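The values are calculated or read from the model by the stated rules, or taken from the named source; none is laboratory data. Being a predicted model, the structure only gives us computed values, none of them experimental. Here Cβ is always computed from backbone atoms with ideal geometry, including for glycine, and neighbour counts include all displayed protein chains.
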Amino acid sequence: MNWASMRVGRRAVVIGAVHSHARTRAHAPALIGRAGVVVAVLRGGSVALLQLDDAPHDLPGGTRRWPFHWGDLALDKPDEVTADPVPAYVAGFEKTAVGIVQHAVRPGEGVALCSSSAGPSPVCGWSLAFSANISRACPKCVALASGS
Ligand SMILES: [Zn+2]
């Protein structure tokens, strides 16, 4: 099994389309920020066929499956493959003097666990799961999210 075929079944968020096929790229504004599942790898592993979560009538041409270059996808971490696909907390972002801080936000609420104001990712909206493992994660939110 090569590295590409091991990614079949992984969840991914579309973060761009610049590396992908022209047909995919043409619909980039409608596709970026959407999430789905990698259902196949194409072209010797260089391209992922992503099946989006959205209903066909919300998608360009009613098409749920789109080929993306790996560079245009943000994959969930491997240890989350078998986890519940609905995240307990989504990532909210706050600009501070030291950079962007990631807060944990309950889906649909828009206020971080630590009560800081946090906005959605400009690229992915509220579709990114909160990750306690990145260096910019808010320590208060990490503690509150893991303690609940
Ligand atoms: Zn926080």
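Each residue in region 85-115 was checked for being at negative phi and within 11 Å of the ligand (Cβ to nearest atom), and 15 pass. Within region 134-148, the set of residues being assigned to a loop (DSSP other than H, G, I, E, B) and either more than 15 Å from the ligand (Cβ to nearest atom) or farther than 19 Å from residue 74 by Cβ (or both) comprises 138, 148. Say whether the condition of being more than 14 Å from the chain's Cα centre (by Cα), modelled with pLDDT under 95 and buried (at least 17 other Cβ atoms within 10 Å of the Cβ) is met by at least one residue in region 117-133. Checked against the condition, which is being more than 14 Å from the chain's Cα centre (by Cα), modelled with pLDDT under 95 and buried (at least 17 other Cβ atoms within 10 Å of the Cβ), region 117-133 yields at least one hit. Name the residues in region 5-50 that are buried (at least 17 other Cβ atoms within 10 Å of the Cβ) and over 18 Å from the mean Cα position of the chain (by Cα), would you? Answer for region 5-50, where residues must be buried (at least 17 other Cβ atoms within 10 Å of the Cβ) and over 18 Å from the mean Cα position of the chain (by Cα): just 41.
Can you find a residue that is surrounded by fewer than 18 Cβ atoms within 10 Å (Cβ to Cβ) and either β-branched (Val, Ile, Thr) or within 16 Å of the ligand (Cβ to nearest atom) (or both) anywhere in region 62-78? Checked region 62-78: at least one residue is surrounded by fewer than 18 Cβ atoms within 10 Å (Cβ to Cβ) and either β-branched (Val, Ile, Thr) or within 16 Å of the ligand (Cβ to nearest atom) (or both).
Considering only residues in region 45-60 that are out of contact with any Gly (no Cβ under 8 Å at 6 or more places or on another chain) and in contact (Cβ under 8 Å) with a residue 24 or more places away in the chain, the one that is farthest from residue 27 (Cα to Cα) turns out to be 45.
Where in region 14-129 are there strands (runs of 3 or more DSSP E), lying wholly inside it, with at least 3 residues that are closer than 30 Å to residue 147 by Cβ?
Details: elements: 35-42, 47-52, 65-69, 73-75, 90-96, 99-105.
Qualifying strands (runs of 3 or more DSSP E): 90-96, 99-105.
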